[in-house]
There are 2 protein chains.
Amino acid sequence: MSYTSFSVENLQSMDRIPRLNLINSISGYKPANLIGTKSESGNTNLAIFSSVVHIGSNPAMLAFIMRPTTVQRHSYDNIISQKYYTINHVPADLTAEAHYASAKFKREQSEFEYCGFEEQYHDGFIAPFVKNSPVQIGLEFVEELPIKVNGTIMMIGAVKQLHVRSNILEKDHALNLDQADIATISGLNTYYRATKLAKYPYARVGQFPKAE
Amino acid sequence: MSYTSFSVENLQSMDRIPRLNLINSISGYKPANLIGTKSESGNTNLAIFSSVVHIGSNPAMLAFIMRPTTVQRHSYDNIISQKYYTINHVPADLTAEAHYASAKFKREQSEFEYCGFEEQYHDGFIAPFVKNSPVQIGLEFVEELPIKVNGTIMMIGAVKQLHVRSNILEKDHALNLDQADIATISGLNTYYRATKLAKYPYARVGQFPKAE
């Protein structure tokens, strides 16, 4: 099987767009999430992110990576000023709508309206959830960690409420994402649907994993 | 469609294992990566991670989240002492082998040998790559960012070399992960294979995305 290799010098001398396409692909499959916020003046905002990462279960915390100078600055401003935001999974049949949320809409234009999503509010939580998303997470902003080497920011939030479609909640409380029919992202703009291969028990030395 | 809701109090009062299963599932699909390292005394180590995240393309940098007190401490020690490590995608037909790498092997036991992977070395890079992995990334450790709220660590590395199977490199330099036939992970122990739904052009206001 033949390989194509890139040295750090090759990567540095590439044109910007092919380098963006390549480097955004190399981590593998990424989660497809819509982050919902509301501004001080009440405008809602929805932005697509593929950098949400688990950082802890007790207390439950998620983080995501933010570039402070992009269109996604609206999300940043809203999170900093209002402290609450939502993370919602992208249904596999709404990837065009979700991708459209990455266009540079104006601050007063809500991506909910322009991209075809409906706002939903739960239990007095001020930030808007995406209606019909199979996993809706309400978070409170905890802190931002500046990543000084390249000016990005890691935004950390604590899970305050969680709404999951009942039919995807398995007996052990894992979520069946297959059943949820959500999307996963590669690179900047390619969307995939996944199907389950295997669920393995907790791995122990001397017991080669067998699918449950 | 009926939903099951969890408040922060519900999450806090859950038993540890169901909470781990649930909270590790809520971010969506995660990348499946094997991180290869070598110790000062020459022992190789391979660990599975699902927290690799893109943080920049120029210079190309990836990060991952590390819990310092787990079996994965071997990876941490090797990265800190040797400065170089590899990130390799998990082939969809080797998920049992990859999951086995999460068992608590001893420091002197190489997961390469015990789990059924072959070491490969490129261009004088000291850390071992996973042979036949369709995407092999060689990184140099840049810095660790302590996430003080829960004691985890964000490990940041710069891409020094990259080897991708030639048949997955598209014209625009995005990688075709479908063709690569790699796995994606949900939660702690469920592995999926993905198939492409759509690739969209760069999104612009007024142009609803149409698949290429």
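The values are calculated or read from the model by the stated rules, or taken from the named source; none is laboratory data. Fair warning: this is a prediction, and the values are worked out from it, not measured in the lab. Cβ atoms come from the backbone with ideal geometry, glycine included; neighbour counts cover every protein chain shown.
Observations
- Scanning region B:135-173 for residues that are modelled with pLDDT under 95 and out of contact with any strand residue (DSSP E or B) (no Cβ under 9 Å at 6 or more places or on another chain) gives no hits.
- The criterion of being of a type in the set (Val, Ile, Thr), facing chain A (nearest Cβ under 8 Å) and more than 29 Å from A:Ile182 (Cβ to Cβ) does not hold for B:Val205.
- If you go through region A:148-168 and keep only what is charged (D, E, K, R) and more than 22 Å from A:Gly124 (Cβ to Cβ), you end up with just A:Lys148.
- 3 or more residues in contact (Cβ under 8 Å) with a residue 24 or more places away in the chain and aliphatic (A, V, I, L, M): qualifying strands (runs of 3 or more DSSP E) within region B:137-201: B:152-165
- In this structure, A:Arg73 does not qualify as over 19 Å from the mean Cα position of the chain (by Cα) and either surrounded by 18 or more Cβ atoms within 10 Å (Cβ to Cβ) or more than 7 Å from chain B (Cβ to nearest Cβ) (or both).
- Looking only at residues in region B:98-133 that are touching a residue at least 60 places away in the same chain (Cβ under 8 Å) and in contact with a Cys (Cβ under 8 Å, 6 or more places away or on another chain), the one that is farthest from A:Ser5 (Cα to Cα) is B:Ala101.
- Which listed residue, of B:Thr86, B:Thr37, B:Thr95, is closer than 21 Å to A:Pro31 by Cβ, touching a Phe, Trp or Tyr at 6+ places or on another chain (Cβ under 8 Å) and in contact (Cβ under 8 Å) with a residue 12 or more places away in the chain: B:Thr95
- Number of the exception - B:Gln136 against (1) farther than 30 Å from A:Ala103 by Cα; (2) at the interface with chain A (Cβ under 7 Å from one of its Cβ atoms); (3) crowded, with 16+ Cβ neighbours inside 10 Å; (4) among the polar types (S, T, N, Q): (2)
- Within the set B:Glu119, B:Glu113, B:Glu140, the sole residue that is closer than 22 Å to B:Ser51 by Cα and charged (D, E, K, R) turns out to be B:Glu140.
- Here the condition is being within 8 Å of another protein chain (Cβ to nearest Cβ), of a type outside the set (Ser, Thr, Tyr), surrounded by 14 or more Cβ atoms within 10 Å (Cβ to Cβ) and in a helix (DSSP H, G or I); of B:His122, B:His99, it holds for B:His99 alone.
- Considered as a group, the residues in region B:154-187 that are buried (at least 21 other Cβ atoms within 10 Å of the Cβ) and closer than 26 Å to A:Ile168 by Cα include one that is farthest from the other protein chains (Cβ to nearest Cβ), and that residue is B:Ile185.
- Residue selected from region B:76-96 under the condition of a type in the set (Ser, Thr, Tyr) and in a helix (DSSP H, G or I), by the criterion surrounded by the most Cβ atoms within 10 Å (Cβ to Cβ): B:Thr95
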